[in-house]
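As structure tokens, the structure follows; a few thoughts come after it.
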Amino acid sequence: MRKIRIAQIGIGHDHAITIHNLHRSDAFELVGYALPEAERRDPAILRKKQQFSAYPELSLDEVLRDETIEAVSIEAEERSLTACALAAAERKKAIHMDKPGGILPADFDRLIDLVRQNGTVFHVGYMYRYNPYVRDLLARIRNGELGEILSVEAQMNCCHTPEKRQWLSRFPGGMMFFLGCHLVDLILQIQGAPDRIVPFNCSTGTDGVTADDFGMAVLCYPHGVSFAKTSAAETGGFARRQLVVSGTKATVELKPLELHEQDPLQFTGRTVYQDKTNWEDRGVYEKSPLFDRYDAMLEAFAAMVRGERENPYSYEYERLVYHTTMRCCGVEPGEGGRA
């Protein structure tokens with residue numbers, strides 16, 4: 001198997017060290033990492049550099065000009081993601097970019113237009129796309145096992161420190177932008193683009209936090225409404241991450257959506273309800289085999305770069321996920337770019 005020469009751009013994203021470590025797998029030859037200018041001015045990000053000391057720090061220009069580096073992973077702080085990806089796209093490098101993109105819709109549109117024009121690999125770090133039970137659920141939906149889909153309930157909660165919750169103020173929609181994007185992706189894969197979106201993002205106001213640390217959006221469809229809910233201030237929130245899909249033939253609940261059992265390995269729980277005549281139907285529960293949250297994601301990216309696998313998520317689908325997320329954050333079409 002050919003190893004892919006890859007460099008990492010940015011260390012400010014929450015997933016940066018995990019993705020960095022996975023680049024040491026048999027699929028990649030990690031050349032080093034580079035910091036965008038915004039991260040060089042951020043003391044909090046600079047304190048993370050020691051975690052990356054096993055590999056050389058390069059300049060961004062060195063990474064972009066080196067034609068032997070065929071791929072980059074963009075792990076910059078969220079506001080810098082799109083700008084860094086644009087620089088790599090201009091050099092026609094394969095891109096793995098962490099979610100969800102920068103905060104300027106017009107820049108994200110430029111990025112999508114460019115990678116589509118160049119035909120380069122563009123892969124976004126939505127790890128739930130590679131969750132085994134999520135994939136199985138999507139297959140069941142496509143096969144018609146759930147019937148017509150009536151609603152999707154998607155929750156991704158946690159209990160962050162007050163400092164982390166206040167940090168969310170740098171993003172439109174706060175928590176909806178930060179983690180709600182994962183939920184938007186799941187809903188869109190199941191139901192497609194909604195007819196209407198109603199955001200309900202707000203601040204809990206606890207611990208002096210003024211940022212939108214509670215995110216919620218309702219997405220309206222012909223058969224009903226679905227919702228994405230994400231809280232940064234929920235005790236026990238991580239264990240309550242869940243995805244519930246209700247159809248005319250069956251309901252499937254994935255809960256916990258992820259829970260660690262042997263770090264970093266985790267599992268997903270699944271309950272299938274099919275008895276429409278029994279109001280007390282408890283369904284059939286199964287627990288997935290243990291898996292790593294990111295392994296399959298990066299293996300898929302490597303296969304795409306080697307030309308062994310086509311990306312099932314099109315450029316236009318990634319555009320739809322981003323702009324739908326922004327609408328869930330309260331950014332309407334025309335505010336900073338098309339949506």
For the stretch 78-99 the number of residues that are assigned to a strand (DSSP E or B) and touching a Phe, Trp or Tyr at 6+ places or on another chain (Cβ under 6 Å) is 2
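Hey, any hits in the stretch 153-172 for a residue that's in contact with a Cys (Cβ under 8 Å, 6 or more places away or on another chain), closer than 30 Å to Ala87 by Cβ and in the same structural domain as Leu243 (by TED's automatic domain parsing)?
The first filter runs over the stretch 153-172 and keeps only residues in contact with a Cys (Cβ under 8 Å, 6 or more places away or on another chain), leaving 171-172.
Then drop every residue that is not closer than 30 Å to Ala87 by Cβ, which leaves 171-172.
Then drop every residue that is not in the same structural domain as Leu243 (by TED's automatic domain parsing), which leaves 171-172.
Checked the stretch 153-172: at least one residue is in contact with a Cys (Cβ under 8 Å, 6 or more places away or on another chain), closer than 30 Å to Ala87 by Cβ and in the same structural domain as Leu243 (by TED's automatic domain parsing).
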- Can you spot a residue in the stretch 274-290 that is within 16 Å of the chain's Cα centre (by Cα) and either assigned by TED's automatic domain parsing to the domain that holds Lys99 or of a type outside the set (A, V, I, L, M) (or both)? no
Restricted to the stretch 108-139 and to residues being more than 20 Å from Met297 (Cβ to Cβ) and free of Cβ contacts under 8 Å to residues at least 24 places away in the same chain, the residue surrounded by the fewest Cβ atoms within 10 Å (Cβ to Cβ) is Gly119
Within the stretch 227-265, the count of residues that are within 16 Å of Ile141 (Cα to Cα) and in contact with a strand residue (DSSP E or B) (Cβ under 7 Å, 6 or more places away or on another chain) comes to 11
*With respect to Gly173, is the statement that it is in contact with an Asp or Glu (Cβ under 7 Å, 6 or more places away or on another chain), crowded, with 22+ Cβ neighbours inside 10 Å and either of a type in the set (D, E, K, R) or modelled with pLDDT of 95 or more (or both) true?*
yes
Exactly one of Asp66, Asp109, Asp113 is at pLDDT 95 or above, within 27 Å of Val31 (Cβ to Cβ) and either charged (D, E, K, R) or in the same structural domain as Phe177 (by TED's automatic domain parsing) (or both), and that residue is Asp66
Scanning the stretch 23-77 residue by residue, those part of a loop (DSSP other than H, G, I, E, B), in contact with an Asp or Glu (Cβ under 8 Å, 6 or more places away or on another chain) and acidic (Asp, Glu) turn out to be Asp42, Glu75, Glu77
Inside the stretch 219-232, the number of residues satisfying the requirement of being surrounded by fewer than 21 Cβ atoms within 10 Å (Cβ to Cβ) and in contact with a helix residue (DSSP H, G or I) (Cβ under 8 Å, 6 or more places away or on another chain) is 1
(message) One residue is enough: does the stretch 270-290 have a residue meeting the conditions in contact with a helix residue (DSSP H, G or I) (Cβ under 8 Å, 6 or more places away or on another chain), farther than 23 Å from Gln155 by Cα and either touching a residue at least 60 places away in the same chain (Cβ under 8 Å) or surrounded by 15 or more Cβ atoms within 10 Å (Cβ to Cβ) (or both)?
(response) no
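The values are calculated or read from the model by the stated rules, or taken from the named source; none is laboratory data. All values reported here derive from a predicted model rather than from experimental measurement. Heads up, the Cβs are rebuilt from the backbone with ideal geometry, glycines too, and the neighbour counts pull from every protein chain shown.
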